[in-house]
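What follows is a single structure, written as structure tokens, with notes after it.
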Amino acid sequence: MSIFKKHIDAMSAYTPPLEGRDPKAYTLLDFNERTVEVTESVRQALHRFIDSGRLQMYPSYGDLTRRIAEYCGVADDKVMITNGSDQGIELIIRAACNAGDEIIIPGPSFAMYSQVAKAEALTIIEPQYTRQGGYPLQQVLEAVTDKTRVIVVSNPNNPCGTLVAPEDVVRIAKAAPQAAILVDECYFEYSKTSVKDHLDECRNLLITRTFSKTWGLPSIRLGYILSHNDNIRALLNVRGPYDVNQFAVVAVLAALEDKATSLAYVDEVMGVSKPMLETYLQERGVDFWPSAANYLWTFPEQPELLNGALVAAHILVRPKADAAGRMGLRITLGTEAQTRALIEVLEGVLGG
Ligand SMILES: Cc1ncc(COP(=O)(O)O)c(C=O)c1O
């Protein structure tokens, strides 16, 4: 007999296929990560910390929150740091919901939202994105009831890259003032679109962001929440005092010092690599979803064959089926050189 709640035992673990990934052996275009390493200054900051004789101490966060607030252009008391944005997502849902409440998670989407919702025994409402219509705005608005406690706007959404305009997010927030509107801006630096200027106007907006995708630091786990200061005060009651580790603090402070390097990478991905792959796919008649992020969800005729050729060429992408069961390949964009190499392998199969 299990000692745990029945619905927890009935769940299955969220286990993304992480094993065997080796950046020295493969070009990793499978997890929407940055495809180049962090700069020397970030590495040196971590080495200095290791050599500083402070590993036996609990972490202290100093002015990291202030530095992030400055980067985002919001007041310090509108920011809370978290252990990756996954923790931000979890804390928001846990703090807002009781078992049996409703959460609207338009699908398909990032697995973490429904993972937490299931653990909290919530009722999940899942209107579907479409390639033509994008975010199912009307269905989301119609699905709101007095039991709705969270509405997810993954912006842009993973895996399809769909972006919701800030005015539509505000519309949702105003239509459901009793619900937390969880706006996941994990890919913000790529999309350059945010609702952070609406935090006072809509006090139910909660933005999650991360240093995992643009900044090249998913291994050290640092995310943050932006929201009205009353919400931040409440969420600080649930986050542990040491949930963010000191390596994350050190690395992110150094990365923020050298913002230009990360933002130049974003420019290369969005300004060069992405248009190059889009043009190629269009030429070859391969369907893909319009995306505002550093990845494209593509639907070639023979996804398995293509995936096999890519693996053989030491390039990893992510097979992902759509709601109708059609298999696609979600491809992360990297540098211009990596994109050329990718297209060469694609052409080897699609060019015939
Ligand atoms: C939409 C979305 N949100 C959140 C995350 C998790 O990010 P983090 O590494 O900050 O937990 C991901 C990671 O793939 C994601 O795609």
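With a Förster radius of 30 Å, plug the Cβ-Cβ distance of R233 and L46 into 1/(1 + (r/R0)^6) and report the FRET value to the nearest 0.05. Each step should come with its number before you reach the end.
On the way: r = 32 Å, r/R0 = 1.06.
In this case the efficiency is close to 0.40.
Within a straight-line Cα-Cα reach of under 21 Å, K147 can be paired with the following lysines, leaving aside sequence neighbours fewer than 8 residues apart in one chain: K118, K174. Extension gain for Q282 to E301 (0.36 nm times residue separation, less C-alpha to C-alpha distance): 5.5 nm.
Give me the accessible area per residue for the chain, probe 1.4 Å, as a whole number in Å².
Details: 15950 Å² over 352 residues.
So the chain comes to 45 Å² accessible per residue, rounded to a whole number.
Segment V36..A175, full-extension length gain: 45.9 nm, with 0.36 nm per residue of separation and the alpha-carbon distance subtracted.
What's the center-to-center distance, using Cα atoms, between region 240-314 and region 183-229 in Å? What the calculation gives is 17 Å, centre to centre. What is the P(r) of region 1-92, as percent of Cα-Cα pairs per 10 Å bin from 0? It works out to 11, 22, 33, 26, 8, 0, in whole percents. By accessible area, using a 1.4 Å probe on protein heavy atoms only, the chain has 51% of its surface on carbon and sulfur.
When F31, F299 are compared by accessible surface with a 1.4 Å probe, the order from highest to lowest is F31, F299. Taking the Cα atoms of region 40-258, the ratio Rg/Rh between the radius of gyration and the Kirkwood radius comes to 0.98. Based on the convex hull around the alpha carbon atoms, region 226-352 presents an average projected area of 11.5 nm².
Could you rank M270, M57, M1 by how accessible they are, 1.4 Å probe, largest area first? Intermediate results must be reported in sequence, preceding the final value.
Values: M270 45, M57 100, M1 230 Å².
Largest to smallest exposure gives the sequence M1, M57, M270.
DSSP beta bridges in the chain, what fraction antiparallel, as a percent rounded to 5? Before the final figure, lay out the partial values.
Details: 20 of 38 bridges.
Percent antiparallel among DSSP bridges in the chain is about 55.
A probe of 1.4 angstrom, applied to the heavy atoms of all protein chains, finds E257 with accessible area near 130 square angstrom. Normalising by the residue count of the chain, find the relative contact order in percent from Cα pairs under 8 Å and 6+ residues apart. Relative contact order here is 22 percent. A Cα-only calculation for region 289-352 places Rg and Dmax at 11.5, 34 Å. Heavy-atom accessible area for I50, with the other protein chains in place and a 1.4 Å probe, reaches approximately 80 Å². Accessible area per residue was computed with a 1.4 Å probe on protein heavy atoms; R326 scores about 100 Å². Sparse packing (at most 11 other Cβ atoms within 10 Å of the Cβ) combined with a DSSP loop state is found for the following GluC sites (Glu not before Pro) in region 1-96: E19, E37. Against the empirical curve 2.2 N^0.38 Å, the C-alpha radius of gyration of region 272-322 lands at a ratio of 1.13. Each residue, R66 and L18, gets one label point 7 Å from its Cα in the Cβ direction; the gap between the two is 3.4 nm. Panel note: the C-alpha atoms of region 190-299, placed on their principal axes, show extents of 53, 33, 24 Å (largest first).
The values are calculated or read from the model by the stated rules, or taken from the named source; none is laboratory data. Bear in mind that the values here come from a model prediction, so they are computed numbers and not experimental data. In this analysis, Cβ positions are derived from the backbone assuming ideal geometry, glycine residues included, and neighbour counts consider all displayed protein chains. These area figures cover heavy atoms from the full protein model, side chains too; ligands, DNA and RNA do not enter into them. Shrake-Rupley method; radii C 1.70, N 1.55, O 1.52, S 1.80 Å.
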